[in-house]
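Asker: Sharing a structure here in structure tokens format.
The values are calculated or read from the model by the stated rules, or taken from the named source; none is laboratory data. As the structure is a prediction and not an experimental result, all values here were calculated from the model. With ideal geometry, Cβ positions are generated from the backbone for all residues, glycine too; neighbour counts draw on all protein chains shown.
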Amino acid sequence: MSKKNKNETGAKIYSLPNLVTNVALLNLSEENSRLKMEQKKICEMAARTILHALDCKDHYTYGHSMRVAYFSLSLGREIGLSEEELYDLELAALFHDIGKIGVPDSVLLKPSRLTEEEFLAMKDHPSQSAEILTGFTHFEEVAKYAKHHHERWDGRGYPDGLKGEDIPLFSRIILIGDTFDAMTSSRPYRKGLDYEVAYAELEEFSGSQFDPELAKAFVTAMKREVAKNEKTFELSIVDGKFEKNAA
Ligand SMILES: [Fe+2]
């Protein structure tokens, strides 16, 4: 039964117990949002700490993870993801290769072609990423996206051979950002491809390796990004400005 009444003028009169309940509820919801903010800050601190460990292990993979986050976010915005979704996508992209912490330096930093055995050790990194992240309750979803970032649209990827839309959307997005960065960044032993050449590669493998709709949207998003003529990008979780082109 409502405790609200009206006086002769029609104005609502609140009984004292009702008023107390309302104030208590207000305090509770303020406390709730304060706790959520606090939790978010702790998550971000944990994220930066883990990424710092990755930077110590392999500076290239650290920079690569920043750029994959930037490429993934550009695609995420292009397909109209919400701010909340973009935040999760950023986290997942930043962490997609975190499992490389567990790959021996002799394999991870090898400038030449990997042997079959070394390739198998490298192939384990998405599952390792998931294993590292699942330990932290707030990163459970992010762990799933990281685990599947090497699945292919045609089902011939790894670790689970997922196919088409069975692959989480964020994993499909990260795969495109990941491959694009791998193609366009320069390494001591080879020069990165021009964006136009990399677009053509994405198109060629669209429908086999990549989700065709996403591959198309990515090229549109990147052409818009290039037109901005900015050399650096920023992220919301990691501070600082990052070079768009890997040296
Ligand atoms: Fe990867």
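Asker: Identify all residues within the stretch 131-175 that are among the acidic types (D, E) and over 19 Å from Y87 (Cα atoms); write none if there are none.
Answerer: Result: E131, E151, D154, D160, E165, D166.
Asker: Is there a residue being assigned to a loop (DSSP other than H, G, I, E, B), surrounded by 18 or more Cβ atoms within 10 Å (Cβ to Cβ) and acidic (D, E) anywhere in the stretch 189-205?
Answerer: No, the stretch 189-205 contains no residue that is assigned to a loop (DSSP other than H, G, I, E, B), surrounded by 18 or more Cβ atoms within 10 Å (Cβ to Cβ) and acidic (D, E).
Asker: Name the single residue, out of those in the stretch 73-88 being in contact with a helix residue (DSSP H, G or I) (Cβ under 6 Å, 6 or more places away or on another chain) and either within 16 Å of the ligand (Cβ to nearest atom) or of a type outside the set (A, V, I, L, M, F, W, C) (or both), that is nearest to F180 (Cα to Cα).
Answerer: For the stretch 73-88, the residue satisfying everything is S74.
Asker: Using beta carbons and a limit of 9 Å, which pairs, at least six apart or on different chains, have the first residue in the stretch 182-194 and touching a residue at least 24 places away in the same chain (Cβ under 8 Å) and the second one surrounded by fewer than 16 Cβ atoms within 10 Å (Cβ to Cβ) and of a type in the set (D, E, K, R)?
Answerer: T184/D194
Asker: Give the residue, chosen from S29, S65, S33, that is within 16 Å of the ligand (Cβ to nearest atom) and either in contact with a Phe, Trp or Tyr (Cβ under 6 Å, 6 or more places away or on another chain) or among the small types (G, A, S) (or both). First the steps, then the outcome.
Answerer: Values: S29 fails: within 16 Å of the ligand (Cβ to nearest atom); S33 fails: within 16 Å of the ligand (Cβ to nearest atom).
Residue meeting the stated conditions: S65.
Asker: Condition first: in contact (Cβ under 8 Å) with a residue 12 or more places away in the chain and surrounded by fewer than 16 Cβ atoms within 10 Å (Cβ to Cβ). Now tell me which residues in the stretch 145-155 satisfy that.
Answerer: D154, the sole residue that qualifies.
Asker: List the pairs whose first member sits in the stretch 109-125 and is in a loop (DSSP other than H, G, I, E, B), whose second member is away from the ligand (no atom under 16 Å from the Cβ), and whose Cβ atoms are under 6 Å apart, counting only residues at least 6 apart or on separate chains?
Answerer: P111/Y189
Asker: Looking at the stretch 218-247, I want the residues that are at positive phi and have a partner that is surrounded by 11 or more Cβ atoms within 10 Å (Cβ to Cβ) with Cβ atoms under 8 Å, at least 6 apart or on another chain. Which pairs are those?
Answerer: Listed by first residue and then by second, the contacts come to G240/E234.
Asker: Working only within the stretch 126-145, note down all residues that are more than 16 Å from the ligand (Cβ to nearest atom) and either closer than 23 Å to P104 by Cβ or not in a helix (DSSP H, G or I) (or both).
Answerer: T134, G135, F136
Asker: Return the residues of the stretch 146-162 that are within 14 Å of the ligand (Cβ to nearest atom), farther than 18 Å from F95 by Cβ and small (G, A, S); say none if nothing qualifies.
Answerer: Residue satisfying the conditions is G157 alone.
Residues are listed down the side, and each one gets a yes or a no for (1) without any contact (Cβ under 8 Å) to a residue 12 or more places away in the chain; (2) of a type in the set (D, E):
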| site | (1), (2) |
| --- | --- |
| S129 | no, no |
| T137 | yes, no |
| I173 | no, no |
| F180 | no, no |
| E196 | yes, yes |
| E204 | yes, yes |
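Asker: Name the single residue that is surrounded by the fewest Cβ atoms within 10 Å (Cβ to Cβ) among those in the stretch 89-120 being away from the ligand (no atom under 16 Å from the Cβ) and either modelled with pLDDT of 95 or more or polar (S, T, N, Q) (or both).
Answerer: S112
Asker: Also, quick follow-up: Being farther than 19 Å from S65 by Cβ, out of contact with any Asp or Glu (no Cβ under 7 Å at 6 or more places or on another chain) and at pLDDT below 95 narrows it down to one residue among E230, E243; which is it?
Answerer: E230
Asker: Do you know which of the residues in the stretch 42-88 that are outside any helix (DSSP H, G or I) and either among the aromatic types (F, W, Y) or in contact (Cβ under 8 Å) with a residue 40 or more places away in the chain (or both) is surrounded by the most Cβ atoms within 10 Å (Cβ to Cβ)?
Answerer: By that ranking, first place goes to D58.
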